[in-house]
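This report concerns only the one structure given below.
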Amino acid sequence: MTEKRGQQSAGAVKHIYVLCDVGHKQNRVPMVCSGRYNVLDPLAECLNDPHNNDTRRLACLALNNLSIPKECKTVMALGPSSTAIIGGLCKAIASCWDEAYLCCICLMNLSFLEDGITRMLQYSPAPEGYSLPIHPLDNPKSLVRIIEGVFNDTLAVVPKVPNNGNSYSSIFGNMFKRTVTKPKPTSVTKKGELLRWACGLVKNLAKSEENAAVLTKTRIPERVVDNIKTSATPPSQWTTNSLEDFSLFIVLNLAQWQVARPSLIEAGSIDVLKRITVEEGIQGLKASLSCSLLGVQPSGFPQDGLAMAIKSISELIANIGEEKGKEGQYAHGVFKMNMAREAYDNLIDSADDREELAIAVPLLNFVH
């Protein structure tokens, strides 16, 4: 794959892709976990082949397929090839290849392995010959700064020519300046997909308190709130894995950590969230949980919002205790008991009008 160029390279990568496609799912774990094959490092290198779009795309698709099984996630996110994989995916995103959104999907797949998300966000490669580690926030080539560039729409489009990789400026010269080149219509769709799946990645990364401390020192919280605030689609029509759905999950996952709450409040999240608390379904639930965690008092909820919040959160706690989800809304395991209980307790402890609490669903032994 890496010794040939052009169609020969693409052909070799295609064979790897076919071996792990939907019709050959049984091959995925052996290809990654058996120790008999080294497909990960060559695929990671092919992600940034400047000579052939097909090679890059097929490498992305193959890595996406391989990243689905949990066993593969562990090897890919924590094993010997993890640096090459994460580095290759980050470089492809930073280069704004057409396949960048597929790279975000692959990173998101890997981020479902919660044991690996802190290490993933810590990815921060040092320049060649530089031995000291660089903090991710001080490194424009780090994963967090690259993803922030997606949110800020400041990644510079790199010409499709070989890059010598010897300087930050070759890829990130315009990192903190807005790109002024008007994209083609097809690029707008791909850019939207890149942002959407970047949100999906951050949704998972925000589940770690250490990661939350890093993310809140970027402009990502502000951009996430903007995604919700500027949406032209009513919350009741937000589909699973939409930009808005991911963005509201990011707010919730950050709001569970004390270190992240000031940045969310400063970004104007509370006014945006309050309007969604009156919605039925999972979006109203996420907004209610977020508002409570961010310190919104019962009197601060809109009319009918408090009653819906207490009912939906108490029902959530009961469902978590019974190890079940809610059909059509959320599966078991999506929400954590400690987060739900904190949100519920905040509302109960700060309620002035105890009659407001009479509508709460009985919680059996799951709360007290």
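The values are calculated or read from the model by the stated rules, or taken from the named source; none is laboratory data. Bear in mind that the values here come from a model prediction, so they are computed numbers and not experimental data. Heads up, the Cβs are rebuilt from the backbone with ideal geometry, glycines too, and the neighbour counts pull from every protein chain shown. Accessible surface areas use protein heavy atoms only, side chains included; no ligands, DNA or RNA. Shrake-Rupley method; radii C 1.70, N 1.55, O 1.52, S 1.80 Å.
Quick notes on this structure:
- S131 of a type in the set (S, T, Y) and within 28 Å of D54 (Cβ to Cβ): no
- If you go through the stretch 100-113 and pick out every residue that is open to solvent by 10 Å² or more (accessible area, probe 1.4 Å) and either touching a Cys at 6+ places or on another chain (Cβ under 8 Å) or among the aliphatic types (A, V, I, L, M) (or both), you end up with 4.
- Any hit, the stretch 144-157, residues being at pLDDT below 50 and surrounded by fewer than 17 Cβ atoms within 10 Å (Cβ to Cβ): yes
- Of residues in the stretch 266-292 being out of contact with any Phe, Trp or Tyr (no Cβ under 9 Å at 6 or more places or on another chain) and among the hydrophobic types (A, V, I, L, M, F, W, C), the one farthest from M337 (Cα to Cα): A267
- Residue count for the stretch 280-333, restricted to those that are in a loop (DSSP other than H, G, I, E, B) and either under 25 Å from P262 (Cα atoms) or of a type in the set (G, A, S) (or both): 11
- Scanning the stretch 19-28 for any residue that is crowded, with 23+ Cβ neighbours inside 10 Å and either touching a Ser or Thr at 6+ places or on another chain (Cβ under 8 Å) or over 17 Å from Y123 (Cα atoms) (or both) turns up at least one such residue.
- In a residue-by-residue description of the stretch 40-57, the property of being of a type in the set (D, E), open to solvent by 30 Å² or more (accessible area, probe 1.4 Å), closer than 22 Å to A126 by Cα and not in a loop (DSSP other than H, G, I, E, B) applies to at least one position.
- Single unsatisfied condition, I320 versus (1) surrounded by fewer than 24 Cβ atoms within 10 Å (Cβ to Cβ); (2) within 25 Å of P221 (Cβ to Cβ): (2)
- Taken across the stretch 223-231, residues that are in contact with a Gly (Cβ under 7 Å, 6 or more places away or on another chain), under 30 Å from H135 (Cα atoms) and of a type in the set (V, I, T) do occur, with at least one present.
- Among the residues of the stretch 328-348, those that are open to solvent by 40 Å² or more (accessible area, probe 1.4 Å) and within 10 Å of I317 (Cα to Cα) comprise K336, M337, N338, R341.
- Here G116 does not fit the description of being part of a helix (DSSP H, G or I), buried (at least 24 other Cβ atoms within 10 Å of the Cβ) and more than 12 Å from the chain's Cα centre (by Cα).
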